[in-house]
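To start, the structure itself, in C-alpha cells.
The values are calculated or read from the model by the stated rules, or taken from the named source; none is laboratory data. Just so we're clear, the structure is a prediction, and the values are computed from it rather than from any experiment. Backbone-built Cβ (ideal geometry, glycine too); neighbour counts: all protein chains shown. Side chains included, ligands, DNA and RNA excluded: accessible areas come from the protein's heavy atoms. Shrake-Rupley method; radii C 1.70, N 1.55, O 1.52, S 1.80 Å.
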Amino acid sequence: SINAFSSILKANGIRGLIVGIDVSIFGSSVAWGSYFYLYAAIKNQFRDAPNAALTAQQHLSSSLIAGSVTQIITNPLWVVKTNLQLNASSSTLSESVCS
C-alpha cells in the first residue's frame with residue numbers, strides 16, 4: 001500500500017525499499033532456471049519417443065514434481081532473504097526508538 005511505501009521510505013530511505021533485493025534476484029533466477037530445467041527433463045522421462053505428445057496428466061505431473069523440487073531447493077534462499085529484510089527493519093526500528 002502507499003502508506004507502507006511512504007513509511008518505509010521515511011524511516012529507511014531508498015535502502016529500506018531494496019533490502020534483500022540481491023538475494024531475491026539470485027533466488028528468482030535459481031528458482032525459475034531450476035523449474036524450467038526440471039520440467040523439461042521430467043517431461044522427457046514421460047515420453048515414449050522423441051517429440052511424442054504428452055497427456056494433460058503427464059504435463060500436470062511434470063509441473064507438480066518440478067515445482068516441488070524447486071521449492072525444496074530454493075527455500076533456504078527465501079529464508080535468508082526474509083531474515084535480511086527483518087533484521088534490517090528491526091535494527092532501523094530499534095535505532096529510531098532509542099533516539
Members of region 24-64 that are among the hydroxyl-bearing types (S, T, Y) and assigned to a helix (DSSP H, G or I) | S24, S28, S29, S34, Y35, Y37, Y39, S61, S62, S63
Picking from K81, K43, which residue would you name as being basic (K, R), at pLDDT below 95 and surrounded by 11 or more Cβ atoms within 10 Å (Cβ to Cβ)?
-> K81
Check region 47-68 and report whether any residue there is under 22 Å from K81 (Cβ atoms) and open to solvent by 40 Å² or more (accessible area, probe 1.4 Å).
-> yes
